[in-house]
1. Does residue 12 meet the test of being over 16 Å from residue 190 (Cα atoms) and within 13 Å of ligand 2 (Cβ to nearest atom)?
2. Just to check your reading of the model, which residue among 88, 61 is buried (at least 18 other Cβ atoms within 10 Å of the Cβ) and at pLDDT below 95?
3. Quick one: would you say residue 63 is under 26 Å from residue 104 (Cβ atoms) and without any contact (Cβ under 8 Å) to a residue 60 or more places away in the chain?
4. Filter region 94-112 down to residues that are exposed (fewer than 15 other Cβ atoms within 10 Å of the Cβ) and under 21 Å from the mean Cα position of the chain (by Cα), then give me how many there are.
5. Would you tally the residues in region 17-36 being at positive phi and in contact with a helix residue (DSSP H, G or I) (Cβ under 9 Å, 6 or more places away or on another chain)?
6. Which one of the conditions (1) within 15 Å of ligand 1 (Cβ to nearest atom); (2) in contact (Cβ under 8 Å) with a residue 60 or more places away in the chain; (3) under 15 Å from the mean Cα position of the chain (by Cα); (4) surrounded by 14 or more Cβ atoms within 10 Å (Cβ to Cβ) does residue 46 fail to meet, given that it meets all the rest?
7. Cβ-Cβ under 7 Å, sequence separation 6+ or interchain: first residue in region 105-119 and part of a loop (DSSP other than H, G, I, E, B), partner surrounded by 11 or more Cβ atoms within 10 Å (Cβ to Cβ). Which pairs?
8. Scan region 120-156 residue by residue and report those that are buried (at least 17 other Cβ atoms within 10 Å of the Cβ), within 15 Å of the chain's Cα centre (by Cα) and not in a helix (DSSP H, G or I).
Ligand code: ADP
Ligand code: MG
């Protein structure tokens, strides 16, 4: 579903990505591990159309996203791609439900349908009692689950998560990870997750290791066990 070929990226004279190849199937949960500074976030940004490679191409289904720009790119990203970051960036003055709805409303989807899906997502993520609370009244784990629901509101093809559990304790990290699997079961949702958490990476379908700007190691965890 997602294929990237020969991705290169430089910042100044520093070569951050040195020819990354990656390919992800629909419904897969793939994790990326690797040392700090190895280019994981840079790669995720490029795959997620937030940044452009210097060389190489990213295909989502049959669309070459590397060539998109301007409004076309913004619309494409809104419609097809979800993001979860380490820090959730929820809007403090809006309720959990509104935070989830906003990207759907911005996309111009039917207001009530968006609200209905937001309620269903929050329910699925165990937050049906928190719909009308503002982020400040929620725990860290709850806030991150709201961010996951928000990433899913437009029914994206793929969700990119950059250290989504980096700010959570072990129990909450494990729970969030389990929720990714629940969402896969429910929607056949595809996830690409950058993580420092070796235990959670091990639970994915596939674990990719980045080192020095390349994917150096790939483990198919189903075959391995
Ligand atoms: P990781 O997520 O694996 O820790 P990053 O992709 O964030 O790694 O960063 C890889 C390298 O690229 C680091 O050396 C970082 O300092 C550099 N880098 C990342 N983003 C920028 C940027 N916008 N400008 C300059 N250098 C950057
Ligand atoms: Mg990073």
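1. On the way: over 16 Å from residue 190 (Cα atoms): yes; within 13 Å of ligand 2 (Cβ to nearest atom): no.
No.
2. Values: 61 fails: buried (at least 18 other Cβ atoms within 10 Å of the Cβ).
Just a single option satisfies the conditions, and that option is 88.
3. Values: under 26 Å from residue 104 (Cβ atoms): yes; without any contact (Cβ under 8 Å) to a residue 60 or more places away in the chain: yes.
Yes; evaluated as a whole, the condition is true for this residue.
4. Our first condition is that a residue be exposed (fewer than 15 other Cβ atoms within 10 Å of the Cβ); within region 94-112, this holds for 94, 106-108, 110-112.
Retained after the next criterion (residues that are under 21 Å from the mean Cα position of the chain (by Cα)): 106-107.
Total satisfying the criteria: 2.
5. Residues in region 17-36 being at positive phi and in contact with a helix residue (DSSP H, G or I) (Cβ under 9 Å, 6 or more places away or on another chain): 2 in total.
6. (2)
7. Filtered contacts from region 105-119: 107/78; 107/79; 107/154.
8. Within region 120-156, 153, 154, 156 qualify.
The values are calculated or read from the model by the stated rules, or taken from the named source; none is laboratory data. Note that the structure is a prediction, hence the values are computed from the model and not measured. Cβ atoms come from the backbone with ideal geometry, glycine included; neighbour counts cover every protein chain shown.
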